[in-house]
Structures are given as C-alpha cells and as structure tokens.
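Written below as structure tokens is the structure these notes are about.
The values are calculated or read from the model by the stated rules, or taken from the named source; none is laboratory data. For clarity, every value in this text was computed on a predicted model and none was experimentally measured. FYI the Cβ positions are ideal-geometry reconstructions off the backbone, even for glycines, and counts take in every protein chain you see.
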Amino acid sequence: MFLRDEAPGDEAAIRALLRDCFGGPDEADLVDHLRAAGDALVSLIAEEDDAIVGHVLLSPLAAPFPALALAPLGVAEGYRRQGIGDALVRAAVARAAAMGWRAIFVLGDPAYYQRFGFAAEHAAGFASPYAGAHFMALPLGGDLPVLRGAIRHAPAFADLG
Ligand SMILES: CC(C)(COP(=O)(O)OP(=O)(O)OC[C@H]1O[C@@H](n2cnc3c(N)ncnc32)[C@H](O)[C@@H]1OP(=O)(O)O)[C@@H](O)C(=O)NCCC(=O)NCCS
C-alpha cells in the first residue's frame, strides 16, 4: 500500500471510490464541492496495484483556533481491515500537526476514531449542527486553546444529505 497526495486526474477515481464506499453520491459530491471551493486542504490517497483503494480529506473549519474537519474517509470494500483506513487517518493527522493546526474534528463512530485519540469530550463544548456523541475532536500540539465556541464546517457540508 502506498499513500500519496491527490493529484490532477485522480478526481474521477476518488468519486467512484466514495460512491462505492458510501452507497451513494453524497460524499463524492462533498469532495468535489470542497475541491471546487478550494477547501480540500489535505487530500490523501491509498493506492494498491495502481488503483485508488482509499481516501481521506481534511478541510478548514471556522473555529476559535486553527482547526480542520476530517471527512470523508473511505476504503474500498475488498481492502478493508488491512490497516488502510488507519494509515490514512494517521498520515492526515501527522500532516495537520506539522502544518500547525490545533485540532481535527470528525463526525464518526467513536469505536473507530478513539484509537487515534479523537474523543467526544474534546468536542463537547463546541456548538455545531453535528454536535453529539459522534462528534469528536483530536487536539494537536497540546491541549485545545479554548474548550468552548462555535464550529462551522466549510460551506460544501451544507449540501450533504
Ligand atoms: C471505516 C473504514 C474507512 C475503515 O477502513 P479500514 O481500512 O477497514 O480500517 P482499518 O483496517 O484501518 O481498521 C479496521 C479496524 O477498524 C475496525 N472498524 C472498521 N470500521 C469500524 C467502525 N465503523 N466502527 C468500529 N470499528 C471499525 C475494524 O473492526 C478493524 O479493527 P481490527 O483491526 O481490530 O479488526 C471503512 O470500513 C469504510 O470505508 N467504511 C465505509 C465508509 C465509512 O463508513 N467511512 C467512515 C466515515 S466516518
């Protein structure tokens, strides 16, 4: 398995991957809209046998400190449970930390994301349409600078069904 940044020409393969992963176009549309708006800050691909088998995207949030959203994350069905999702998340987290971002927020299954250090308690003080038990944050570079405030996702998220 090989991880790399998305490159021009990958768009259709990422779309196809996400449609298959999520059983519909919403997440594929989200990535296309984020990219078109210039909000696809980190877009990482996992390749195997020259095929794109996994993808993760980080986009900037409006937040009281520099913070990113991790969404979506997808690994092709035949390639799951081999650590590809894990490698994609860890690479994205490392990239965000190296760039000086102070947190990553994610909406997902706590059973999956807690292994990376994401926790609902870190996100609990932040107002967001996604707030709840599945809304988690991972502090980067130390504790979160503040524990309360409002989080606003990039505009493309408003189109998500
Ligand atoms: C979630 C997903 C990205 C995981 O990718 P993956 O490459 O299989 O993940 P990894 O191999 O790194 O990790 C697999 C481990 O996570 C666990 N896991 C996978 N999905 C999980 C989930 N939804 N909840 C809890 N644990 C999960 C597996 O049991 C496995 O644990 P094990 O290694 O101890 O057996 C992949 O299943 C996927 O694309 N699912 C459909 C799209 C989706 O739901 N994306 C997440 C949106 S937040």
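Data overview
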item: Residues (assigned to a helix (DSSP H, G or I) and either modelled with pLDDT under 95 or surrounded by fewer than 17 Cβ atoms within 10 Å (Cβ to Cβ) (or both)) located in the stretch 104-128; result: Pro110, Ala111, Tyr112, Gln114, Arg115, Ala120, Glu121
item: Odd one out for Ala40, checked against (1) out of contact with any Lys or Arg (no Cβ under 6 Å at 6 or more places or on another chain); (2) of a type outside the set (S, T, N, Q); (3) under 16 Å from Glu6 (Cβ atoms); (4) within 14 Å of the ligand (Cβ to nearest atom); result: (4)
item: Helices (runs of 4 or more DSSP H) completely within the stretch 2-103 that count 3 or more residues being closer than 20 Å to Ala123 by Cβ; result: 84-98
item: Residues of the stretch 71-93 that turn out to be under 16 Å from Asp39 (Cβ atoms) and more than 8 Å from the ligand (Cβ to nearest atom), as a count; result: 1
item: Ala158, sole failed condition from (1) more than 16 Å from the ligand (Cβ to nearest atom); (2) touching a Leu at 6+ places or on another chain (Cβ under 7 Å); (3) within 29 Å of Ile52 (Cα to Cα); result: (2)
item: Positions within the stretch 52-70 being more than 13 Å from the chain's Cα centre (by Cα), more than 10 Å from the ligand (Cβ to nearest atom) and within 19 Å of Ala7 (Cβ to Cβ), in sequence order; result: Ile52
item: Residue pairs meeting the criteria (Cβ under 6 Å; at least 6 apart or on separate chains; first under 21 Å from Ser128 (Cα atoms), in the stretch 89-113; second within 13 Å of the ligand (Cβ to nearest atom) and among the small types (Gly, Ala, Ser)); result: Phe105/Ala69
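Conditions tested, residue by residue: (1) among the hydrophobic types (A, V, I, L, M, F, W, C); (2) at positive phi; (3) touching a helix residue (DSSP H, G or I) at 6+ places or on another chain (Cβ under 9 Å).
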site: Arg80; (1), (2), (3): no, no, no
site: Gly85; (1), (2), (3): no, no, yes
site: Ala97; (1), (2), (3): yes, no, no
site: Ala127; (1), (2), (3): yes, no, no
